[in-house]
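The values are calculated or read from the model by the stated rules, or taken from the named source; none is laboratory data. Keep in mind it's a predicted model, so treat the numbers as computed, not measured. Positions of Cβ are backbone-derived with ideal geometry, glycine not excepted, and every protein chain shown enters the neighbour counts.
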Amino acid sequence: MIGIVSVVMFVDDFLKESLKIINSLDRAAIEELVDALLRVRENGGRLFILGVGGSAGSASHAVNDFRKLAGFEAYTPVDNVSELTARTNDEGWETVFGSWLTGSRLNEKDGLLILSVGGGDLERNISPNMIQAIDCAKKKGSSVMGIVGRDGGYTAQMGDAVVVVPTVNIAHITPHTEAFHGVIWHLLVSHPKLKVAPTKWESMGR
């Protein structure tokens, strides 16, 4: 049976880990990501946001914020479950994002934003759909961006602007990375270079 003391210690330790991540985040990398996103918008490009698992939910949420608050034409394939599952069934899971981007006529003005824990691993065949999407973007001349964990994997290797969430406890890589997806993209859509519309509650005053 877990004692009250150990439970309290877990809560305290987890929050302290979050503080360590905040203090260790690469500020310059975040600013590079801001500038990369700004170039996409200024060039009239679209922003495609990809994630699987919990990150798929984050991608959907982020699309809303980038569209509503930052003035992007933004999309994610995970919002269309019928097409996603049809492509998975007919063509295979590893091709779903690449074929979707091709069907969307991805071009050199557009940007791809990856939300992932591992960022994709070619050798171990982890997130092959992300890898194919990145390869598709590189071939089309689109910018590749990401918010990832661990060492960033394929996304960090191939990306033009990537923020890596530092690992402070190997037992909590996934929860911290997925939590900081939200922290960082909310920072992005709140950044003075990107934000074009007020958030509801702040616009209402006291």
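A few comments on the model shown:
- Across the stretch 108-141, the qualifying residues are those that are in a loop (DSSP other than H, G, I, E, B) and under 16 Å from the mean Cα position of the chain (by Cα), and the one among them that is surrounded by the fewest Cβ atoms within 10 Å (Cβ to Cβ) is 118.
- Being charged (D, E, K, R) and touching a Ser or Thr at 6+ places or on another chain (Cβ under 7 Å) holds for only one residue in 67, 87, and it is 87.
- Enumeration of residues in the stretch 119-144 that are touching a strand residue (DSSP E or B) at 6+ places or on another chain (Cβ under 6 Å), of a type outside the set (A, V, I, L, M, F, W, C) and without any contact (Cβ under 8 Å) to a residue 60 or more places away in the chain: 119
- Test for residue 174: is it surrounded by fewer than 16 Cβ atoms within 10 Å (Cβ to Cβ) and part of a helix (DSSP H, G or I): yes
- From the options 105, 150, residue that is at pLDDT below 95 and not hydroxyl-bearing (Ser, Thr, Tyr): 150
- Matching residues, the stretch 23-42, being over 17 Å from the mean Cα position of the chain (by Cα) and free of Cβ contacts under 8 Å to residues at least 40 places away in the same chain: 23, 28, 42
- Within the stretch 145-165, one or more residues are in contact with a strand residue (DSSP E or B) (Cβ under 6 Å, 6 or more places away or on another chain), part of a loop (DSSP other than H, G, I, E, B), small (Gly, Ala, Ser) and surrounded by 14 or more Cβ atoms within 10 Å (Cβ to Cβ).
- First in the stretch 81-105 and over 12 Å from residue 130 (Cβ atoms), second anywhere and small (Gly, Ala, Ser), Cβ under 7 Å, 6 or more apart: 87/99; 91/99
- Here the condition is being free of Cβ contacts under 8 Å to residues at least 24 places away in the same chain and among the aromatic types (Phe, Trp, Tyr); of 10, 48, 66, 72, it holds for 10 alone.
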